[in-house]
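See structure below.
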Amino acid sequence: MPTLPPEQSEPPPAESHKARRMAESFGMDAQRYDQARPGYPDALVTRIVAGSPGPDVLDIGCGTGIAARQFQAAGSAVLGVEPDGRMADVARARGLEVEVATFEAWQPAGRTFDAVIAAQSWHWVDPVAGAVKAARVLRPGGRLAIFGHVYEPPAAVAEPFAAAFRRAAPDSPLNGQPARRPLDLYQAAYAKFADKIRETEQFNDPEQWRFDWEQSYTRDQWLDPLPTTGGLTQLRPDQLAEVLDAVGGAIDSLGGRFTMYYTTLAATAVRVGAC
């Protein structure tokens with residue numbers, strides 16, 4: 001559900017790439033998305049940059065450029081590929097070069113890169129075609145890195161959200177999901193990503209990385225990003241208000257602040273061939 005990572009409010013990773021309506025709903029409030037969504041651990045960015053043979057990075061599904069700006073700050077030259085023109089416009093306004101297309105349809109025109117990244121976006125890409133295309137645009141020794149967050153809000157926040165979402169959108173297919181979903185579910189999804197990379201036979205054996213961190217949120221700080229998550233982007237204003245009121249009340253009952261526990265997972269592999 002949307003108090004958890006976007007993947008939890010979307011179809012299973014094996015099928016998400018088919019859910020184009022939800023995939024393209026995040027641009028409805030691209031400015032809010034850019035301001036409210038969390039960034040990525042500096043240690044992750046540093047490790048990817050250090051493990052790539054050069055500075056050229058392709059960011060698949062770059063959104064508004066949240067990850068791309070971190071890679072730029074670390075010295076990378078980043079090109080974004082983003083299917084939603086509204087998201088791309090925000091990224092461009094923040095200094096990122098972006099081409100509007102799905103990764104599957106995007107034309108590299110002979111260009112190759114030292115790293116291909118997908119930050120919270122690979123579940124929208126066909127997992128087989130995506131891995132093959134990533135291999136094609138990577139230079140020998142280049143790194144493919146797929147990563148995203150798993151959120152772990154306290155039950156006192158997640159459960160009122162789930163109940164309010166069921167009331168507000170009783171026909172939503174997302175209502176069959178539990179309020180909180182275990183980390184091992186996401187670790188299994190990233191293991192499947194790694195399997196698809198391995199099946200291309202174009203990469204060295206994939207690795208899986210994990211970064212644990214936490215962030216404190218006030219009531220307003222958490223209610224601000226909620227409308228940008230997959231399950232809520234498609235609600236009517238009255239439905240959204242009902243959910244936000246419930247979550248806000250839950251946070252008020254905790255004293256107006258709570259700690260969110262994050263795990264950032266990555267599946268990554270190096271393109272075969274000498275650097």
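Values for this structure:
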read-out: Tally of residues being part of a loop (DSSP other than H, G, I, E, B) and within 18 Å of the chain's Cα centre (by Cα) across segment 32-57; value: 5
read-out: For Ala169: the one exception among (1) more than 20 Å from Asp184 (Cβ to Cβ); (2) buried (at least 20 other Cβ atoms within 10 Å of the Cβ); (3) touching a strand residue (DSSP E or B) at 6+ places or on another chain (Cβ under 8 Å); value: (3)
read-out: Which numbered condition Gly255 misses (of (1) at pLDDT below 95; (2) in a loop (DSSP other than H, G, I, E, B); (3) open to solvent by 30 Å² or more (accessible area, probe 1.4 Å)); value: (1)
read-out: Subset of segment 214-236 (residues that are open to solvent by 60 Å² or more (accessible area, probe 1.4 Å) and either at pLDDT 90 or above or among the small types (Gly, Ala, Ser) (or both)); value: Glu214, Gln215, Arg219, Asp220, Gln221
read-out: Meets criteria (assigned to a helix (DSSP H, G or I) and modelled with pLDDT under 95) for Gly63; value: no
read-out: Of all residues in segment 76-120 being crowded, with 24+ Cβ neighbours inside 10 Å and aromatic (Phe, Trp, Tyr), the one that is nearest to the chain's Cα centre (by Cα); value: Phe103
read-out: Members of segment 123-150 found to be among the aromatic types (Phe, Trp, Tyr) and open to solvent by 10 Å² or more (accessible area, probe 1.4 Å), listed by number; value: Trp124
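The values are calculated or read from the model by the stated rules, or taken from the named source; none is laboratory data. Since this is a predicted model, take the numbers as computed values, not measurements. Cβ coordinates were reconstructed from backbone atoms using ideal geometry, including for glycine residues, and neighbour counts include every protein chain displayed. Heads up: the accessible areas ignore ligands, DNA and RNA and are worked out on the full protein's heavy atoms, side chains in. Shrake-Rupley method; radii C 1.70, N 1.55, O 1.52, S 1.80 Å.
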